[in-house]
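Below is one structure, written out as C-alpha cells; comments come after it.
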C-alpha cells in the first residue's frame, strides 16, 4: 500500500529543476543529501547552530537542517557543488582557510554570498557574517583573510 503522506516537490538546485518524492517533514538538508546525492552540505548540530549545512536560497545563506524542503520550492537553491571553480573556493585554498574541512562548505557559502551582497564589506562586517558558522579547528583568521582577499578583488 503506497504511503499517502509523500508528495512530489520540484526544486531548483544548482540551476537544474529536480522532481523529488518527499515527506512534508523532510528537511532541505535531508533531501539534498538523501534524495539528490549532494553531500557537500554537512549534518553537524542539526539544530541551526553550527552552519555546516549552509546553502544559498535565492543567494541568501540558509541553514538547510532547519529548513523544510517544501519551503525551498519556487526558490533557487545553490549548494557547494554549484560553486565549482569560484573565486571563493580558490581563495580558501590559497589562504589555507580550512583544517579538517567539515565546516568549509558552509563557510564558503556564507563568504560567497557576502562577496555578492556586500562587495565592499569591512573587517567588522566580515566577522559579523562569519558568526553564523562554527569552526571547531579554529581557522577563523585564515577564513577572514580569504574573504578579505575576495573583497579586495572586487
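Here, each number is a calculation from the coordinates, and none is a lab measurement. As the structure is a computational prediction, the values presented were derived from the model and not from experiment. Backbone-built Cβ (ideal geometry, glycine too); neighbour counts: all protein chains shown.
Here the gap between residue 86 and residue 7, fully extended at 0.36 nm per residue and compared with their Cα-Cα distance, gives a gain of 25.0 nm. Computed on the chain, with alpha-carbon pairs under 8 angstrom and 6+ residues apart, the relative contact order is 23 percent.
A full extension of the chain between residue 148 and residue 39 corresponds to an added length of 36.5 nm, given 0.36 nm per residue minus the alpha carbon distance. When the chain is treated as a Gaussian network with alpha carbon springs shorter than 10 Å, the biggest mean-square fluctuation among 26, 15, 58 belongs to 15. Once the chain from residue 124 to residue 46 is taken as fully extended at 0.36 nm per residue, the excess over their C-alpha distance is 25.3 nm.
The C-alpha atoms of the chain define a longest principal axis, and helix 140-153 lies at about 80 degrees to it.
Highest mean first, what order results for 81-91, 62-72 on Cβ atoms within 10 Å? It would help to have the intermediate numbers written out before the result.
On the way: 81-91: 16.4, 62-72: 20.9.
Answer by packing, highest mean first, reads 62-72, 81-91.
What's the FRET efficiency of residue 137 with residue 75 using the Cβ-Cβ distance as r and R₀ = 30 Å, to the nearest 0.05?
That gives a FRET efficiency of 0.40.
Note on 31, 57, 125, 110: ascending count of other Cβ atoms within 10 Å places them as 125, 57, 110, 31, the fewest first. Applying 1/(1 + (r/R0)^6) with R0 = 30 Å to the Cβ-Cβ distance of residue 99 and residue 19, what FRET efficiency is obtained, to the nearest 0.05? Once the sixth-power term is evaluated, E becomes 0.20. From the alpha carbon centroid of the range 106-150 to that of the range 19-60 is 21 Å.
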